[in-house]
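Data first, discussion second: the structure below is written as structure tokens.
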Amino acid sequence: MEPKWLEWAKSLQAEAQNGLTFSQNEFERERYNHILDIAAEMMASNSDADLAYIRDLFQDVEGYMTPRVDVRGVVFKDDRVLLVKEKSDGGWTLPGGWADPNETPSQSVEREVIEESGFQVKTSKVLAVFDRAKQGHTPPFPYHVYKLFFLCELKGGKKATSIETDGVDWFLESDIPALSPARTTVSQLKRFFEHHRNPDLPTDFD
């Protein structure tokens, strides 16, 4: 679970952002910007992030606050799962990333898998819809995130790294490497191996 201070800070950020989206009153907007500053200071004071960096993140947000959507492809070959190695932290993860506008969730995950691993896939089932804040990911993230995990059928292609990945490989459940904890957790992978062994399991969700 994420720390309570982060939950409070994200709630303040969302309320302030929503207020700025709908309010035209100069004095109300001033108050909402002050609340946004408080949220940024809470995040910076309780983490290693620089205050200016947090404020820049908040400035990039437009419109009504809703959770961001992260999509991940779960691809099996025999009893091995496809993982890619992130350049940013050196950890392994299920291929994926942010869903893009003008794409369905399945299109987004199929694109992410081929971009990060070189393999062509076709989505076949939603394995899980998780709230990142409840899944034990580290470090905490300044936005609320929903994570969508899709079972994908391997259709072709070959190993290929990308600007974000410098490793692509297949792993047994007993051989899971050091993961990128911001993206994928051991408990998630173990659950997806259960889905692989028992295809009739229903979709998991928080």
Within region 152-161, identify whether any single residue is part of a strand (DSSP E or B) and under 27 Å from residue 17 (Cβ atoms), and answer yes or no. no
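Please find, within region 44-63, the residue that is nearest to the chain's Cα centre (by Cα) out of those that are over 20 Å from residue 21 (Cβ atoms) and hydrophobic (A, V, I, L, M, F, W, C).
Quick first cut of region 44-63, residues over 20 Å from residue 21 (Cβ atoms) only: 44-53.
Subset that is hydrophobic (A, V, I, L, M, F, W, C): 44, 49, 51-52.
Working: 44: 21, 49: 19, 51: 23, 52: 23 Å.
In this case the residue turns out to be 49.
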On the given criteria, is residue 119 crowded, with 19+ Cβ neighbours inside 10 Å, under 15 Å from residue 69 (Cα atoms) and of a type in the set (A, V, I, L, M, F, W, C)? no
Answer yes if at least one residue in region 90-104 is aliphatic (A, V, I, L, M), closer than 25 Å to residue 205 by Cβ and surrounded by 13 or more Cβ atoms within 10 Å (Cβ to Cβ), and no otherwise. yes
Checking the structure you have, find out if any residue of region 153-169 is of a type in the set (D, E, K, R), modelled with pLDDT of 95 or more and over 19 Å from residue 118 (Cβ atoms). no
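Tell me, which residue of region 174-195 that is among the hydrophobic types (A, V, I, L, M, F, W, C) and touching a strand residue (DSSP E or B) at 6+ places or on another chain (Cβ under 6 Å) is nearest to residue 71 (Cα to Cα)?
Looking only at region 174-195, we keep the residues that are among the hydrophobic types (A, V, I, L, M, F, W, C), and these are 176, 178-179, 182, 186, 189, 192-193.
Still in the running and touching a strand residue (DSSP E or B) at 6+ places or on another chain (Cβ under 6 Å): 179, 192.
Numbers: 179: 17, 192: 15 Å.
Only one residue tops the list, namely 192.
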Within region 44-77, work out how many residues are in contact with a strand residue (DSSP E or B) (Cβ under 8 Å, 6 or more places away or on another chain) and either at pLDDT 95 or above or on the phi > 0 side of the Ramachandran plot (or both). 9
Hey, could you check region 152-201 for residues that are of a type in the set (Lys, Arg) and surrounded by 15 or more Cβ atoms within 10 Å (Cβ to Cβ) and say which is nearest to residue 96 (Cα to Cα)? 183
Top-ranked residue of region 1-51 - restricted to ones that are part of a loop (DSSP other than H, G, I, E, B) and of a type in the set (Asp, Glu), ranked as farthest from residue 185 (Cα to Cα): 50
Condition first: of a type in the set (S, T, N, Q) and either in a loop (DSSP other than H, G, I, E, B) or under 19 Å from residue 135 (Cα atoms) (or both). Now tell me which residues in region 52-75 satisfy that. 66
Can you tell which of 72, 80 is surrounded by fewer than 18 Cβ atoms within 10 Å (Cβ to Cβ), touching a residue at least 24 places away in the same chain (Cβ under 8 Å) and within 20 Å of residue 153 (Cβ to Cβ)? 80
Can you tell me which residue within region 122-151, out of those that are basic (Lys, Arg) and surrounded by fewer than 20 Cβ atoms within 10 Å (Cβ to Cβ), is nearest to residue 53 (Cα to Cα)? 134
Would you be able to tell me the number of residues in region 76-124 that are part of a loop (DSSP other than H, G, I, E, B) and closer than 15 Å to residue 183 by Cα? 8
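The values are calculated or read from the model by the stated rules, or taken from the named source; none is laboratory data. In this text, all values refer to a predicted model and were calculated from it rather than measured experimentally. Quick reminder, even Gly has a Cβ in these numbers, built from the backbone with ideal geometry, and neighbours come from all protein chains shown.
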